[in-house]
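Everything on this sheet refers to the single structure shown next.
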Amino acid sequence: MKTHTTQGFLTGFLPHKKCASIAILCLAMLLSAALSGCGDGSALQEGEQRYAWPLGTASPEDTVTQIYAEAFAGEVARLSDGKMKIQVYPNSTLGGDRELLESCRDGDIPFVIQNTAPQVAFLPDLAIFDMPCMFGTMEEVRRKVDDAGFYSLMETAYQEGGYKLLGFADQGFRVMSTNKGIQSLSDFKGQKIRTMENPYHIEFWKGLMAAPTPMTFSEVYIGLQQGTIDAQENPYEVIVSNRLYEQQDYVVETNHLPHLISLVASGSFFQDLPKEKQEILADAAKYASEEARKASDGRILGKMGEITSSGTQIVPVGEELWEEMQKASQPVYDEIAETVNPEIVKAYKE
């Protein structure tokens, strides 16, 4: 009979929900056992309890997502004097984006950090973040998502889906890499650009007269190499970590969408926690968001340096072209406005 290591069990069987729940329960038990016997110097008083929970991501370790997760886990441990422990599981160890969201909603995984794009299938109001060319700087984006009124509306959207929103970080803007210099709107015409399976993203690139081509991300490098696609779009961090710039002459700073990352908890899990534990998680999440944003800004500059040193040019988008891109995006704005809560649309566009 073939045996499995713990990691093999998780990655091999997580798509089956029952097995996923068992695996996560085993992890929680192992964490609790390890925590109760770790002897970390903070002695338990009578009646005190330690907590141990997993946090899942689908991202590799060397990412802002991992920095966000580790900052959150570390601050939770600090604020709770070691009584609350969070173990981070990156690289889809607990499942891909969809599995993580399902398990979090059902209370099997307490915490998840991921890009907002795959959450639209579960939370339609998050399509608001697919409105292209809305912001000129990440400072504007961050002010918007941190705005009390807008954030409250997003909290409600997550709550209605079975989640507790704890905060937003980001990996900067999504930009375009290509082998054709972009100086005017007509330069987008006919370019086969890889996109995610997202109807709003596809509609945006069609509006620019490009030829959006949905493709599994694992196939993008080879697709660029073999000429199956001409271009792709991602944050700088993804472009560099996957060396996509090696197959491209230009990175065009279209900055068409912010690449937002949300930290969410299972709604039922969070609601059942004592108030003081909820406050610790909220405070730790705020701290982690700030740390992740600082890390993102610093890493983007480094990634840009790697790109230019390779000979690939970084091309800014001028004001005139940006305004043309906004005008071409109007059908996407209209389509999203028909789907998303009108209050959210109004607050986002103000």
Would you mind checking which residues have amide H under 5 Å from ALA211's amide H? H placed 1.01 Å from N; only 5 or more apart, or other chain.
GLY190, GLN191, LYS192, ILE193
Quick one: accessible area per residue over the chain, 1.4 Å probe, rounded to a whole number of Å²?
46 Å²
Which of the helices in the chain, when you take each full DSSP H run, stretch at least 27 Å along the axis at their Cα atoms and have an average Kyte-Doolittle score of -1.0 or higher?
17-36, 275-309
At what distance in nm do the modelled label points of ILE222 and SER186 sit from each other, each positioned 7 Å from its Cα along Cα→Cβ?
3.7 nm
In deg cm²/dmol, rounded to 500, what helix-only [θ] at 222 nm does the chain give when every DSSP H run of at least 4 residues adds -39500 (n - 2.57) and the total is split over its residues?
-14500 deg cm²/dmol
The percentage of the accessible area of the stretch 209-350 (probe 1.4 Å, all protein chains present) made up of carbon and sulfur atoms, to the nearest whole number, is 47 percent
For 324-330, 50-56, ranked highest to lowest by mean beta-carbon neighbours within 10 Å, the order is 50-56, 324-330
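The values are calculated or read from the model by the stated rules, or taken from the named source; none is laboratory data. Everything numeric in this text was worked out from a predicted model, so none of it was measured. Here Cβ is always computed from backbone atoms with ideal geometry, including for glycine, and neighbour counts include all displayed protein chains. The protein model used for the area step is the full one, side chains on, heavy atoms only, and it has no ligands, DNA or RNA in it. Shrake-Rupley method; radii C 1.70, N 1.55, O 1.52, S 1.80 Å.
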